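Step one of this worksheet: look at the structure below.
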């Protein structure tokens, strides 16, 4: 079956999957009991929590051993009144709160990784995993975050996943985080550590932040180097019960001070694991407390059309609207996958019109996909709500059997926010197979700890101009030749580095057509370029709802021109050309 409708009743649960206990060597309130932690979780209305002590399951083990002892005393009729009351309190709280065992593993060079497991997983099995990750046996008792020469990040991801655990990169955007945000070294390592197929989610500290600078926006699948969209959640990383009133924001939080809401059919580890393994990113959201929950569809509209996102106001055959939706589905399957919303435009200021009746639209879309797209493509179609209107959402995977075609001969690809027919070289590349975006390479060499990286790793741009990489979006015209009076161009797609030959004005898609016309009719005048060393801004304009830049670079081989670059593709020194107005 090519398309299926998602159904079933679910509800929102509050979860905090990053809690330390007195078993962690750096716990700040060692006099606290496990009952104290559970009572605080209840007071914060938490439904699911995990004990994730540093390189140990000692906290979870201590609590379960104590409960087992109380049960044994009760069975013998030897429990005191206080012990009987304590056992009853444990039973009451564990009936309300799902408490999962886990650990926070310290990988090579200090990166932190959460492993969350089912209550059915034995403590001995979890300790065996930690020993397999080269955690010294002594640390299993002390809960230290310093473990010496432990296993690397990718090995940890794999072993935890193979053991049936949920793999989460802890505080990925912060200290000891695998995203290494703000550092210019280790690019391939960052990609590998955040795109690995064994990694289920990134825990971030800015999940409620809006705008381009937010971590979840960075990993939304639009970045060419990071094509796999990552689920981002948040947890308190609590080393105490109540937040330290003297600490700065996001420091020394207490139980439940940073919480994620999760939409599940039931409160169980199995449902939670299935959610983390899914590609439905609407199933998690930052807990807003007394504030109105975040409308993720409105947030998507604020981000606009992109390589992984599209909006269609109507689902009708009239005017080719239905075909346009199916073309987007085909294009996303051939590119990075994505999500399509029907019943509204991309303009967040325009009220959605909705889809009525949505079930009929879903049936029509399902039939159209099954009949027209080959090979079969397993998309998920469901009904969502935004601003009181029913809309239809289509989730498209990145297909594993490309190329996908409409009516067996029309092959579409997604280029930025545009769906276009694939040209010859792109079809050849799709037919020949392609590497998966999540099969990121192993880091070529061990990276140094941050504190010992030499100060002058890279010489100034002016000294080695060819070592500044081109932007990551846009297009470059490499060569032009004339054959029988007609111009043929060789283009490089800066997003993926692919080279496409024999492009003409007639066959060029929108951005390529623009680049060809600019090269032919408006060649770069270096005296009018705004230069920053060997990098320059030739033109800046707003097209298609986004600011685009035409950039130039002086190299040993001559002048290179990059057309239609978006902010997402501007890294390192290229960002000097982004103005404050562009970031609004």
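The values are calculated or read from the model by the stated rules, or taken from the named source; none is laboratory data. Note that the structure is predicted; figures quoted are calculated from it, not measured. Ideal geometry is used to build each Cβ from the backbone, glycine not excepted, and the neighbour counts take in all protein chains shown.
From the list 79, 62, 88, 41, the lone residue that is assigned by TED's automatic domain parsing to the domain that holds residue 144 and in contact with a strand residue (DSSP E or B) (Cβ under 6 Å, 6 or more places away or on another chain) is 41.
Of 304, 319, all but one fail to be touching a residue at least 24 places away in the same chain (Cβ under 8 Å) and at positive phi; the exception is 304. For the range 98-122, filtering for residues that are buried (at least 18 other Cβ atoms within 10 Å of the Cβ) and within 24 Å of residue 36 (Cβ to Cβ) leaves 10.
Is one or more of the residues making up the range 528-537 touching a helix residue (DSSP H, G or I) at 6+ places or on another chain (Cβ under 9 Å), assigned to a loop (DSSP other than H, G, I, E, B), outside the structural domain of residue 306 (by TED's automatic domain parsing) and at negative phi?
Yes.
Residue count for the range 155-181, restricted to those that are crowded, with 16+ Cβ neighbours inside 10 Å and either modelled with pLDDT under 95 or under 17 Å from the mean Cα position of the chain (by Cα) (or both): 15.
Only one residue in 396, 373 is under 12 Å from residue 341 (Cα atoms), at pLDDT 95 or above and in the same structural domain as residue 325 (by TED's automatic domain parsing). Which one?
Every option except 396 fails the conditions.
Taking the range 23-46 on its own, how many of its residues are surrounded by fewer than 21 Cβ atoms within 10 Å (Cβ to Cβ) and part of a loop (DSSP other than H, G, I, E, B)?
Here the count works out to 11.
Which ones in the range 365-385 are surrounded by fewer than 21 Cβ atoms within 10 Å (Cβ to Cβ), under 21 Å from residue 297 (Cβ atoms) and in contact with a helix residue (DSSP H, G or I) (Cβ under 7 Å, 6 or more places away or on another chain)? Of everything in the range 365-385, those that are surrounded by fewer than 21 Cβ atoms within 10 Å (Cβ to Cβ), under 21 Å from residue 297 (Cβ atoms) and in contact with a helix residue (DSSP H, G or I) (Cβ under 7 Å, 6 or more places away or on another chain) turn out to be 383, 384. Looking across the range 399-419, the residues that are surrounded by fewer than 19 Cβ atoms within 10 Å (Cβ to Cβ) and out of contact with any strand residue (DSSP E or B) (no Cβ under 6 Å at 6 or more places or on another chain) come down to 400, 401, 407, 409, 410, 418. Restricting attention to the range 144-154, does a residue exist that is in the same structural domain as residue 255 (by TED's automatic domain parsing), farther than 27 Å from residue 33 by Cβ and surrounded by fewer than 16 Cβ atoms within 10 Å (Cβ to Cβ)? Yes, there is a match, as at least one residue in the range 144-154 is in the same structural domain as residue 255 (by TED's automatic domain parsing), farther than 27 Å from residue 33 by Cβ and surrounded by fewer than 16 Cβ atoms within 10 Å (Cβ to Cβ).
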